[in-house]
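The values are calculated or read from the model by the stated rules, or taken from the named source; none is laboratory data. Owing to the predicted nature of the structure, the values given are computational and were not obtained by experimental measurement. Positions of Cβ are generated from backbone atoms using ideal geometry, with glycine treated the same way; all protein chains shown enter the neighbour counts. Note: accessible area is taken over every heavy atom of the protein model, side chains too, but ligands, DNA and RNA are not part of it. Shrake-Rupley method; radii C 1.70, N 1.55, O 1.52, S 1.80 Å.
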Amino acid sequence: MRNSSKALFTTAAVLGLSFLSAGAQMSEGATHGKTTFDSKCAICHSADTTDKKIGPGLKGLYTRGVMADGTTKVTDETVTDRIMNGKVPMPPFKDQLKPAEITELVEYLKTL
Ligand code: HEC
């Protein structure tokens, strides 16, 4: 009994700490961007690996510097363009998301 409640407490403490440190690293905009990502993009894209789901995993997108097609440079312009206009089979989001939401998404993608 004692041990299992101690383990539970430790797990809760570790989860709490990693939550806090993630929160501390991310700006408010990036945090909003993550919420949008989770609801609109996560069905097709992983944020924590480069493994393909329906679309390429976006972990380290900005560090890689080049999109999965091997030629498109990763810049705020090209990423914004991809989100606004899509690229078959990725749907365009310009009618679903406000410009500010797209800016926040881009901010979030930079943290991956
Ligand atoms: C229905 C599935 C789907 C959804 C939803 C989707 N995407 Fe995509 N996305 C794709 C596919 C597939 C590609 C690859 C297109 C290609 O290069 O042929 C892609 C490519 C991308 C790329 C370029 C990555 C690279 O390395 O080439 C970015 C950035 C991206 N998507 C961001 C987003 C964001 C942000 C959202 C949410 C607003 C989103 N996507 C929603 C399927 C999707």
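Number of residues in segment 79-105 that are in a helix (DSSP H, G or I) and either more than 19 Å from residue 56 (Cβ to Cβ) or open to solvent by 40 Å² or more (accessible area, probe 1.4 Å) (or both): the value is 10.
To keep it simple, each residue is scored yes or no on (1) more than 7 Å from the ligand (Cβ to nearest atom); (2) under 15 Å from residue 30 (Cβ atoms); (3) modelled with pLDDT under 95.
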site	(1), (2), (3)
56	no, no, no
79	no, yes, no
87	no, no, no
93	no, no, no
99	yes, no, no
105	no, yes, no
109	no, yes, no
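In segment 41-70, the residues that are more than 20 Å from residue 104 (Cβ to Cβ) form Cβ pairs under 6 Å with partners that are modelled with pLDDT under 95 and open to solvent by 60 Å² or more (accessible area, probe 1.4 Å), at six or more places apart or across chains, as follows: 56/68.
Just one of the listed residues (69, 51, 38) is at pLDDT below 95, open to solvent by 40 Å² or more (accessible area, probe 1.4 Å) and within 14 Å of the ligand (Cβ to nearest atom), namely 69.
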